[in-house]
1. Those residues that are of a type in the set (Gly, Ala, Ser), in contact with a helix residue (DSSP H, G or I) (Cβ under 8 Å, 6 or more places away or on another chain) and assigned to a loop (DSSP other than H, G, I, E, B), I need them from region 76-114; list them, please.
2. Which one of these does GLU115 not meet: (1) more than 15 Å from the chain's Cα centre (by Cα); (2) at pLDDT 95 or above?
3. Which of the residues belonging to region 56-75 are part of a loop (DSSP other than H, G, I, E, B) and polar (S, T, N, Q)?
4. Looking only at residues in region 14-36 that are in contact (Cβ under 8 Å) with a residue 12 or more places away in the chain and loosely packed, with under 15 Cβ neighbours inside 10 Å, which one is farthest from LYS169 (Cα to Cα)?
5. Note down all Cβ pairs under 8 Å where the first residue falls in region 100-115 and is within 16 Å of ALA37 (Cα to Cα), the second is modelled with pLDDT of 95 or more and acidic (Asp, Glu), and they're at least six residues apart or on different chains.
6. Do the conditions hold for TYR51, that is, is it hydroxyl-bearing (Ser, Thr, Tyr) and at pLDDT 95 or above?
7. Just to check your reading of the model, which residue among PHE126, PHE117 is buried (at least 20 other Cβ atoms within 10 Å of the Cβ), part of a loop (DSSP other than H, G, I, E, B) and in the same structural domain as ALA41 (by TED's automatic domain parsing)?
8. Return only the number of the condition from (1) at pLDDT 95 or above; (2) of a type outside the set (D, E, K, R); (3) surrounded by fewer than 18 Cβ atoms within 10 Å (Cβ to Cβ) that GLY44 does not satisfy.
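The values are calculated or read from the model by the stated rules, or taken from the named source; none is laboratory data. The model shown is predicted, which means the values in this text are computed figures rather than measured ones. In this analysis, Cβ positions are derived from the backbone assuming ideal geometry, glycine residues included, and neighbour counts consider all displayed protein chains.
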Amino acid sequence: MQYRPYSRNQLERIAMELLVKFDKERLQKTKPLDPYAVIEACLGVLYDWKYLAPEQMILGATAFTDGFIEVWPQSKYYEGMKPYIIEVKKGTILIDASLTEGDNRGRENFTVMHEVFHQILHKYFFLDESKKGIHYSNMVDRTSRELQIIEWQANTCAAAFLMPAELVKREYEKRYRDAGILRYNFDFMWDLIREMAIAFNVSRVAMGYRLENLGLIDKYGENILQLK
């Protein structure tokens, strides 16, 4: 299997190219997002919602060839419940149906864009996969360096598309200025992450890691652990 060793800067540029193609106004201001409109406008492939695994063990999948995939009758597992097989066409993006239920819109947006960037970056990588070209995005073999890298690539592009770097920086600075408090106030940081997550249509976790990766806050992951 082959993949291109993109740098973070290269992935940011790829994401910006798609964002400009889809809606360049999103580089300048936050606005609601329909990620499925990105699929329709920029990829032209099929998409659908199925329960891909109980308890959200799998959030997204992409078919890189015609094939078959196991899906489940519901998201909650009960004794004796079994998956069933459906046929999928090449290019189909499947999103776990549970993400459309409850307060999951941020995770749904990120999952969809993650699959979009698999389509853009990794079409040829998965053609030799053992599951006949079906890739389950968060069921990665953690011993496979190649799979870890392509997952990081898709995550990096999804984050850059949904949270454009310069716009995130401007919003971050503006919110601190408006609050009139010192930078890196720990308590205010959590309110800021929540508010920015809402503005950018992503989860708080996604926003926290984006702010960390942009050098705006320190060690978001460690801070989460401190609060548990």
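1. We begin by selecting, within region 76-114, every residue of a type in the set (Gly, Ala, Ser); these are 80, 91, 97-98, 102, 106.
Imposing the further condition that a residue be in contact with a helix residue (DSSP H, G or I) (Cβ under 8 Å, 6 or more places away or on another chain) reduces the set to 91, 98, 106.
Once the filter is applied, which keeps residues that are of a type in the set (Gly, Ala, Ser), in contact with a helix residue (DSSP H, G or I) (Cβ under 8 Å, 6 or more places away or on another chain) and assigned to a loop (DSSP other than H, G, I, E, B), region 76-114 yields only GLY91.
2. (1)
3. So in region 56-75, the residues part of a loop (DSSP other than H, G, I, E, B) come out as 57-59, 64-66, 73-75.
Selection gives THR65, GLN74, SER75.
4. Within region 14-36, the subset in contact (Cβ under 8 Å) with a residue 12 or more places away in the chain is 14-16, 18-19, 21-22, 26-30, 32-33, 35-36.
Filter once more, keeping what is loosely packed, with under 15 Cβ neighbours inside 10 Å: 21, 27-29, 32.
On the way: LYS21: 22, LEU27: 12, GLN28: 11, LYS29: 12, PRO32: 19 Å.
So the residue we want is LYS21.
5. Filtered contacts from region 100-115: THR100/GLU108; THR111/ASP96.
6. Details: hydroxyl-bearing (Ser, Thr, Tyr): yes; at pLDDT 95 or above: yes.
It is true that TYR51 is hydroxyl-bearing (Ser, Thr, Tyr) and at pLDDT 95 or above.
7. Numbers: PHE117 fails: part of a loop (DSSP other than H, G, I, E, B).
After ruling out the rest, the residue left standing is PHE126.
8. Among (1) at pLDDT 95 or above; (2) of a type outside the set (D, E, K, R); (3) surrounded by fewer than 18 Cβ atoms within 10 Å (Cβ to Cβ), the lone unmet condition for GLY44 is (1).
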